[in-house]
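Peer 1: Quick one: this structure, given as C-alpha cells, is what I'll be asking you about.
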Amino acid sequence: MDQLIIDLAAILAAATPLIFATMGETISERAGVVNLSLDGSMLLAAMIGFAVALTTGSLLVGFAAAAMTGAFVALILGGLSLSLGQSQTAVGFVLALLCTDLSSFLGSRYVRVPGPAVAHSPIPILSEIPLIGPLFFNHDPLIYTSFVLVPLIWWFLFRTRAGLVLRALGDRPQTAHARGVPVVRLRYLYLIIGGALIGIAGAAYSLDLKQGWSYRHTFGTGWIALAIVIFGGWQPWRVAIGCYLFAALQMLASRSQSVIPGLPTQVFQVAPFVLMIIVLALVNLLSSPNTARHITRLPVRLRRPAEQIVAWLSTPAPTALGQPFERP
Amino acid sequence: MSSEPRRSAGPQRGLIFGGVALLGALLFTSLVLLSSSVNPLEAYRLIFLGSFSSPIRMSDMVMLGAPLILCSAGLTLTFAAGLYNLGIEGQMIIGAVAAMLPLRLLSDLPVPLLWLLAFACGAAGGAAWALLAGGLRIGLRVNEIFAGLGLNFLASGIALYLVLGPWRRVGQASSSGTQPLPTDVWLPTLDKLRLAPAAPIIALLALALIWFAVTRTRWGLELRAVGMNPQAAGRMGIPATRRLAESFAACGAMAGLAGTIQVLGVFHQLIPSISSGIGLLALLVVLLVRANPVWVLPVAAAFAIFTVGSLQMPLALGADSSIAGVLQGAIVLFALLGRGLSMRK
C-alpha cells in the first residue's frame, strides 16, 4: 500500500512537464492554432532556462527565460502562419527541428553540468494527512502549480467570457469577427501564452525533473504531448488524465523489465504510442454517422448509456483548427 | 492542416526570394555561431567545403545523399497529394527490417538475386508501413501527422526488439546492432572507399521515375488535383481515396529502398537508429522543393554536403555538428518567410 502511494505520487510528479505542455497546446489549439513546434520549443526552453538559471543563480529568472523562449517561438509561428499565410503544420515542423538543433548547438557547453533545481518542499500540516498528504502535498512548488493549472484552464475556458471568446476563435472565427472580436490579434495572444506554458514545461525538465541539461533531453515527449491533446479531446480534464495515464504507462515500462522477464521491454516502451493511435482511431470511429445508426438499432434500455458514452468520447476538434483566417 | 496550393509568382521572383532566404539563413546561422564564439568563416568553410576535403568525405556525402534523395522524391508525391507524411522515418526502419528478412532467411541464394529480393522486400515493407498510416488517415480519419509519429516510435521499438532479441549478435546482445552481414552481400564499393555506386544510381533512377510520374502522366495530374481539393477532384471522377493511398504507398516504398541502402551499403547490419534522421531531413527538403521533383537533386545534395561537412566541427573547431541542422532549418524557415512575403497583396 505504501509502495502504491509512493508510485502514484511519482506518477503525478513525472507528468508535470506534460501537464504544462498540453495545457499550453490546448489553449493554442482551442484558439485555432496548432503549435507543432512543441517538441523543439520545449527542448530549447529547457536548455535556455537551465543556462540562465545557472548563470544568474536564480531559478525564477530561469523559468522566466524558458517561458519567454517558448513565447518567442510561438510568436515566430504566428508571424509566418497568422500574418503571412503559411501552413501552420509546415512552419511548426520546421521550428521543431530547428529549435532541437539550436538547443544541441548552443547547449553543448552545459551538457551534464550540475546546476540549480527546484527544491522539494512538503506543505506543512497538509502533507501529514494520511494518503492525501504524501500523494498531493509532498512535492515541490512547480508540481503544486501543475495541480492548480488544470482546473484554472478549465475554469477560464468554460466559465469566463474571455474563455468563450477564445473558443469562438477556434470554432467560429467568422462569427467572432462579425461581433467585433479581433480574431488574429487574439489568436496571437493565446498562441503566445500557450508557448510560454510550453517553455515552462521545458524548464520543468531541466530545472526540476531531470535536473540538468543533455542533448535531446526531452526527446519524444513533445510529440507525445501533441497526441495527448487530441486524445483528451481538447478538454483540460481529459487531457490531464491522458498525461497521468502516459506517465503511469512509462513507469510500468521501467518496472516490467524486472517483473515479467519473458516479455520484451520494448513492448512497454512503445505501448503508449500504440495505445494513443488506437484511441484516436476508436474516437473517430465512434463519432462517425455509422455508429449513430447502429446505436438507434440497439434495445431502448441500452441506447441511452451507449449514446452518453459516445457523446463523452467523441469531442470534436475546434472547427477552424489549423485554418487560416481570412477577413470576410 | 492543408497545404496551401497557391502558386508563387513566377520563377524570377521565386529565385530572388530564394536568394534572400539563403542570405537570411546564413546571417541567422552566423549569429548563432558568433554567440558560441565560433568564427563563422571557419565554420562555413567546413560546412560548405568539408565534404570535398577528402575522397572518404565525398563518398560519405554520396552515401548520405542517396537515401536522402529517395526519401525526398517519395515525399514530393505525398506533398502533391496534400499530406504531411511524418511517418517516413518509420517507413525507412520497417523497410530496413523487411530487407533483412531475405538476407537472413535465404542467405544461400546467389548474391545478385539476394540483393534484388532485399530491395523488393524493403520497398514492400516501407509501402506496407505507409499504408498503415494511410489507412488510419483515410479509413479512420486519424491525422496522418500523429499516426505517422506514433508509427515511427512503434517502428523503432520493433527494430530495437529485433536487435536485442531474436536477431542479436552471436554471444552477446548489444544495442549497437545485429550480427554484421557476410561481406559478400555488402553492396560492392569503390576501391578503399565506402561509396557503393549502386546507391546513387538507384536513387537517381527512382527520382527520374517520380519526376516523370508527377509531371508527365495523368496520374500525377490527378494526384495534384486531389492535393488541392479532394472533394472537387472526386466530383470530377478522380478516385481521390485511391490516389491518396497510392501516394502513401509509393512514398513508403521509396523510404523502404532508402532503408535497404542503409542496410546493404552503409551499416551492413540492422541498428536501432538505422534511419539516422534522414527521413526528417527529407521532410525539410520537401518543404523547400514542395511537389516539384526537379529541385530534389540540388537541394538534397546541398543538405548532404552541409551535414557531412559539419561532422568535422567538433574536432576542428570544438563546436557541435548540429549547426548543419540549424542552417538547414533556417533555410527552410526563411524560405517560408520569403514565400509568405511574396504572396502578400
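The values are calculated or read from the model by the stated rules, or taken from the named source; none is laboratory data. All figures in this text were calculated on a predicted structure; none of them were measured in a lab. Ideal geometry is used to build each Cβ from the backbone, glycine not excepted, and the neighbour counts take in all protein chains shown.
Peer 1: Out of the residues in segment B:1-60 that are assigned to a loop (DSSP other than H, G, I, E, B) and of a type in the set (A, V, I, L, M, F, W, C), state the one that is modelled with the lowest pLDDT.
Peer 2: The selected residue is B:Met1.
Peer 1: Specify which of the listed residues (A:Tyr144, A:Tyr110) is closer than 30 Å to A:Ser58 by Cα, in contact (Cβ under 8 Å) with a residue 60 or more places away in the chain and among the aromatic types (Phe, Trp, Tyr). Working first, answer last.
Peer 2: Working: A:Tyr144 fails: in contact (Cβ under 8 Å) with a residue 60 or more places away in the chain.
Only one candidate passes the filter, namely A:Tyr110.
Peer 1: Further question: Going by the conditions given, is A:Val310 surrounded by 11 or more Cβ atoms within 10 Å (Cβ to Cβ), of a type in the set (Val, Ile, Thr), within 14 Å of chain B (Cβ to nearest Cβ) and out of contact with any strand residue (DSSP E or B) (no Cβ under 6 Å at 6 or more places or on another chain)?
Peer 2: The answer is no for A:Val310.
Peer 1: Filter segment A:96-113 for residues that are at the interface with chain B (Cβ under 7 Å from one of its Cβ atoms) and of a type in the set (Gly, Ala, Ser); which is nearest to B:Leu284 (Cα to Cα)?
Peer 2: Among them, the one singled out is A:Ser104.
Peer 1: Quick check on segment A:158-165. Is at least one of its residues hydroxyl-bearing (Ser, Thr, Tyr) and within 23 Å of A:Gln323 (Cα to Cα)? Break it down stepwise before answering.
Peer 2: Of segment A:158-165, the ones hydroxyl-bearing (Ser, Thr, Tyr) are A:160.
Pick out the ones that are also within 23 Å of A:Gln323 (Cα to Cα) and you get none.
Looking for residues that are hydroxyl-bearing (Ser, Thr, Tyr) and within 23 Å of A:Gln323 (Cα to Cα), one finds none in segment A:158-165, hence no.
Peer 1: Still on this structure, I have one more. Within segment A:80-95, work out how many residues are within 8 Å of chain B (Cβ to nearest Cβ), farther than 16 Å from B:Thr29 by Cβ and either crowded, with 21+ Cβ neighbours inside 10 Å or without any contact (Cβ under 8 Å) to a residue 12 or more places away in the chain (or both).
Peer 2: Counting residues in segment A:80-95 that are within 8 Å of chain B (Cβ to nearest Cβ), farther than 16 Å from B:Thr29 by Cβ and either crowded, with 21+ Cβ neighbours inside 10 Å or without any contact (Cβ under 8 Å) to a residue 12 or more places away in the chain (or both) gives 8.
Peer 1: Residues B:Pro314, B:Pro298: which one is farther than 27 Å from B:Leu151 by Cβ, surrounded by fewer than 19 Cβ atoms within 10 Å (Cβ to Cβ) and more than 10 Å from every other protein chain (Cβ to nearest Cβ)?
Peer 2: B:Pro298
Peer 1: Still on this structure, I have one more. Which of the following residues is assigned to a helix (DSSP H, G or I) and at pLDDT below 95: A:Ala9, A:Ala51, A:Ala46, A:Ala21?
Peer 2: Details: A:Ala51 fails: at pLDDT below 95; A:Ala46 fails: at pLDDT below 95; A:Ala21 fails: at pLDDT below 95.
On inspection, the qualifying residue turns out to be A:Ala9.
Peer 1: Report whether or not B:Trp129 is of a type outside the set (Ser, Thr, Tyr), under 23 Å from B:Ser276 (Cβ atoms), under 17 Å from the mean Cα position of the chain (by Cα) and in the same structural domain as B:Ile158 (by TED's automatic domain parsing).
Peer 2: Yes; evaluated as a whole, the condition is true for this residue.
Peer 1: If I ask for residues that are at positive phi and touching a helix residue (DSSP H, G or I) at 6+ places or on another chain (Cβ under 9 Å), which ones from segment B:168-208 would you list?
Peer 2: B:Gly177, B:Lys192
Peer 1: Another question about this same structure. Among B:Ser342, B:Ser321, B:Ser273, which is hydroxyl-bearing (Ser, Thr, Tyr) and in the same structural domain as B:Glu222 (by TED's automatic domain parsing)?
Peer 2: Of B:Ser342, B:Ser321, B:Ser273, the one residue that is hydroxyl-bearing (Ser, Thr, Tyr) and in the same structural domain as B:Glu222 (by TED's automatic domain parsing) is B:Ser273.
Peer 1: Considering only helices (runs of 4 or more DSSP H) fully contained in segment B:258-345, which possess at least 2 residues that are hydroxyl-bearing (Ser, Thr, Tyr)?
Peer 2: In segment B:258-345, B:296-310 are the helices (runs of 4 or more DSSP H) which contain 2 or more residues that are hydroxyl-bearing (Ser, Thr, Tyr).
Peer 1: Quick one: which helices (runs of 4 or more DSSP H) lie wholly within segment A:215-328 and hold at least 1 residues that are at pLDDT below 75 and at negative phi?
Peer 2: Fully inside segment A:215-328 and qualifying: A:236-259, A:265-286, A:289-296, A:300-313.
Peer 1: I would also like to ask the following. List, please: which pairs have Cβ atoms under 7 Å, are six or more places apart or on different chains, and start with a residue in segment B:151-168 that is more than 8 Å from chain A (Cβ to nearest Cβ) and end with one that is among the small types (Gly, Ala, Ser)?
Peer 2: That search, which allows pairs on different chains as well, returns B:Asn152/B:Gly87; B:Asn152/B:Gly90; B:Ala155/B:Gly90; B:Val163/B:Ser175; B:Val163/B:Gly177.
Peer 1: Would you mention how many residues in segment B:53-70 are of a type outside the set (Gly, Ala, Ser) and either more than 12 Å from B:Gln262 (Cβ to Cβ) or touching an Asp or Glu at 6+ places or on another chain (Cβ under 9 Å) (or both)?
Peer 2: Summing the residues that are of a type outside the set (Gly, Ala, Ser) and either more than 12 Å from B:Gln262 (Cβ to Cβ) or touching an Asp or Glu at 6+ places or on another chain (Cβ under 9 Å) (or both) in segment B:53-70 gives 8.
Peer 1: So, in segment A:231-244, exactly how many residues are buried (at least 24 other Cβ atoms within 10 Å of the Cβ) and of a type in the set (A, V, I, L, M)?
Peer 2: Number satisfying all stated conditions: 2.
Conditions tested, residue by residue: (1) more than 22 Å from the chain's Cα centre (by Cα); (2) crowded, with 20+ Cβ neighbours inside 10 Å; (3) at pLDDT below 95; (4) closer than 30 Å to B:Leu83 by Cα.
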{"position": "A:Ser104", "(1), (2), (3), (4)": "yes, yes, yes, yes"}
{"position": "A:Ile125", "(1), (2), (3), (4)": "yes, no, yes, no"}
{"position": "A:Phe147", "(1), (2), (3), (4)": "no, no, no, no"}
{"position": "A:Phe158", "(1), (2), (3), (4)": "no, no, no, no"}
{"position": "A:Gly163", "(1), (2), (3), (4)": "no, no, no, no"}
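Peer 1: Assigned to a helix (DSSP H, G or I), at pLDDT below 95 and touching a helix residue (DSSP H, G or I) at 6+ places or on another chain (Cβ under 7 Å): is that true of A:His177 in this structure?
Peer 2: yes
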